[in-house]
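As structure tokens, the structure follows; a few thoughts come after it.
Please treat every number below as a calculation from the coordinates, not as lab data. Worth saying up front: this structure is predicted, and the values here are computed from it rather than measured. Backbone-built Cβ (ideal geometry, glycine too); neighbour counts: all protein chains shown.
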Amino acid sequence: MTLVLKVDPERPDPEPIARAAAVIRAGGLVAFPTETVYGLGANALDPEAVAGIFRAKDRPAYDPLIVHLLDATVLPDVVSQVPDVALELIARFWPGPLTLVLPRGPQVPTQVTAGGDTVAVRVPSHPVARALLAAAQVPIAAPSANRFGRVSPTCAEHVLADLDGRIDLLLDGGSTQVGVESTVLSLAGSIATILRPGGVSLEALAEALGEVQVAQEIPVEGEVLLSPGTTSKHYAPHAIVVLYRGGREAVLERMRQDAVQRVDHGDTVGLLLVDEDLSAFGALPVRRASLGTVSTMEEVAQQLYAALRTLDQADVSVIMVRDFGPEGLGLAIRDRLTRAAAGRVIVVTEDAA
Ligand code: TXA
Ligand code: MG
């Protein structure tokens, strides 16, 4: 059984926090809210506890974990060196959704880093995460609190859907703010490299650093691209996801045509839509889930995973969604949708419409 304790997201009660901290110190597993998504935490310095995270998630041992810290003053406990460029980023973006990949300190068990000589670290801003770190007084290793390969949880119900009975305790602090995971930035090479776009935008990092590159923007060529299977299925619901890229008008027209065709074939179709696109699909008999207004990517990011889960629970066989461009949080949204689509990306050119 997983014990669920409600906690005020703004001013967490000391009592549930103390219980959760005791579980962490005893080598147990605690799911807790961060500003991005819920994390599944264990004492980062306890190899047995860390092994429990991998078991609970069915996560392969080759995928390293992020170590969460209360503040940058405890960095020397987990990293062997902090380059000057990291200090600037820390001053600007911590606490917050930026994860830095730095040289591993000798105290960090190899399970955390999957045997690698770097460790990913971040200082979360969520009051519950911070209270837990303060009470536990150890660094907390925490991946997103979902089964491996599935959609990250943005509320307590999502955590239970994946992990009920597999973890000791869940701190329920309501829905998370950012909605997509932290930006993972490597400072190992000569140019800072975004390994995973996330809550801190490329633009914000470029402003701070001057130069920054994105590691693995998933290539898009031709109309239907990438054989499914070449991209690892990740951030994925149970339904098939199809992502449409291109100009808004042409994309919406193509989505409508494809939806009509799928409905005719007897598919149950789900549409992941911003409010501005609702009217493009008229009275088509499809499930719709709202991503809020397209005018703020913050809102789309915040709603993205819950909307994916809603469509999944409605048992649709296919989820259709369009790309929202690379600006701001749009890049992280594109990254997650491309992975969820596992290669099913349709690029619509204007003249094809
Ligand atoms: O917002 C977040 O980052 C959330 C919350 C809970 O903090 N955590 C999260 O953890 O998303 P996870 O494990 O689901 O994703 C961490 C990512 C993985 O893609 C992992 O491969 C990468 O960070 N990563 C971890 N350590 C790394 C390292 N030493 N070098 C390169 N990538 C690393
Ligand atoms: Mg994850």
Label model pair GLN137, THR268: point-to-point distance (7 angstrom along the Cα→beta-carbon line) in nm is 5.2
Please tell me the relative contact order of region 240-352 in percent, rounded to the nearest whole number, where contacts are Cα pairs under 8 Å and at least six residues apart.
41
Based on the Cβ-Cβ distance of GLN213 and MET1, what FRET efficiency does E = 1/(1 + (r/R0)^6) give at R0 = 41 Å, to the nearest 0.05?
0.35
If you filter region 1-76 for chymotrypsin sites (Phe, Trp or Tyr not before Pro), then keep DSSP loop positions with at most 10 other Cβ within 10 Å, what is left?
TYR62
Taking the alpha-carbon centre of each part, the distance from region 235-271 to region 311-353 in Å is 9
How many nm is it between the label spots at ASP117 and LEU278, if each spot is 7 Å from the Cα in line with the beta carbon?
5.6
Share of alpha-carbon pairs per 10 Å distance bin for region 42-184, given as whole %
11, 43, 37, 8, 0
For the chain, which span is the longest to avoid every loop-located (per DSSP) member of GluC sites (Glu not before Pro) having at most 15 other Cβ atoms inside 10 Å?
11-210
Hull volume in cubic angstrom per residue (convex hull over the Cα atoms of the chain)
134
Between ILE66 and residues 5 or more places away or on another chain, the pairs with built amide H atoms under 5 Å apart involve ALA142
Based only on Cα atoms, what Rg/Rh ratio does region 300-353 have, Rh being taken as Kirkwood's radius?
1.00
Below 8 Å between Cα atoms, with a sequence gap of 6+, how large is the relative contact order for the chain in percent?
20
From the phi of every residue in region 161-176, what ³J(HN,Hα) in whole Hz does the Karplus formula 6.51 cos²θ - 1.76 cosθ + 1.60 yield, where θ is phi - 60° and glycine or proline is x?
4, 9, 10, 4, x, 9, 10, 6, 8, 10, 8, 8, x, x, 7, 7
